[in-house]
Amino acid sequence: MSDKQYVFISDGQVLVPESAVQALFWSASQAASWLARAEQRSANVGAFRDAPCEAVAVSADVAQQMEEAGAESVPLRSLMPWGEDLFAFAGRCTQLLDSYKEYRFCGRCGGATEPLAGETAMHCSPCNHSYYPRLSPCAIMLVTRGEQCLLARHGGRGDYFTCLAGFVEPGETVESTVRREVYEEVGVSVNAPKYVASQYWPFPGQLMLGFYADYDSGELAPDGVEIIEADWYHYSDLPPHPNEYTLSGQLIRGFVSRYSK
């Protein structure tokens, strides 16, 4: 097994070593001078390509010092073009550090917790209760009607159009979430939800489950809260939409490929 590597995180930003080209990791020698100034360290991040890794949280002040020494601060979302495996691992590091911080104290007795050996959880020994990182399942769906697809513009997310999406609620299957969310957000009914693919989405901790769904009935009526605008678009004339690094972009590209061969 390779030598241990380190990933430094500060307020959701990944600190990349000087002169690194699409590489998250600091060697032991590169990291040595910064480890003593860490706010928090996680031993349970696991390995990346057989190299054991440790996620390290640093304060904004230390992050600034690292940048002055040559490191680059990169937003987590900007890592998506670096590859799905690197992006997911950086997301894992960020989420685990956030979870360790969130669950420092037990929600039952108020006592301090400790990392649980061999797990990603924080554990309260007096209560014998473990707190694992939250991972919320979320359906994301592209509704289609022949050569058209339904794209929507969400409030506060710029001018691009994307798929509809929503969290799975207690008592639901993911397929029933697809039907409910489409109806609640734009007022139309769908049938035959078909699962396509999934994507880990660490903003802050979601598992996106991608579906195609066939339009059934109803007229578009955006709710005006989550969805500001929605319309049907021909596959050859789409508005600005997410790139191929997102599951939404992949669903759209998959739909277009049906007709553009």
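The values are calculated or read from the model by the stated rules, or taken from the named source; none is laboratory data. Quick caveat: nothing in here was measured; it's all calculated off a predicted structure. Here the Cβ is made from the backbone with ideal geometry for all residues, glycine too, and neighbour counts use every protein chain on show.
Data overview
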read-out: Subset of the stretch 90-111 [assigned to a loop (DSSP other than H, G, I, E, B) and of a type outside the set (A, V, I, L, M, F, W, C)]; value: 103, 104, 107, 108, 110, 111
read-out: Filter result for residue 209 (closer than 30 Å to residue 95 by Cα, surrounded by 14 or more Cβ atoms within 10 Å (Cβ to Cβ) and either touching a residue at least 40 places away in the same chain (Cβ under 8 Å) or not assigned by TED's automatic domain parsing to the domain that holds residue 82 (or both)); value: yes
read-out: Some residue of the stretch 112-119 being over 27 Å from residue 173 (Cα atoms), charged (D, E, K, R) and part of a loop (DSSP other than H, G, I, E, B); value: yes
read-out: Residue satisfying all of: in the stretch 156-204; of a type in the set (Gly, Ala, Ser) and in contact with a Phe, Trp or Tyr (Cβ under 9 Å, 6 or more places away or on another chain); nearest to residue 219 (Cα to Cα) among these; value: 189
read-out: Entirely in the stretch 148-244, the strands (runs of 3 or more DSSP E) that have 1 or more residues that are among the small types (Gly, Ala, Ser) and farther than 30 Å from residue 102 by Cβ; value: 148-154, 189-201, 206-217, 227-234
read-out: Count of the stretch 250-260 residues which are free of Cβ contacts under 8 Å to residues at least 24 places away in the same chain and among the small types (Gly, Ala, Ser); value: 1
read-out: Hits in the stretch 45-94 (condition: farther than 16 Å from residue 10 by Cα and not hydrophobic (A, V, I, L, M, F, W, C)); value: 46, 49, 50, 52, 81, 83, 84, 85
read-out: Positions within the stretch 245-261 being in a loop (DSSP other than H, G, I, E, B) and of a type in the set (S, T, N, Q), in sequence order; value: 246, 260
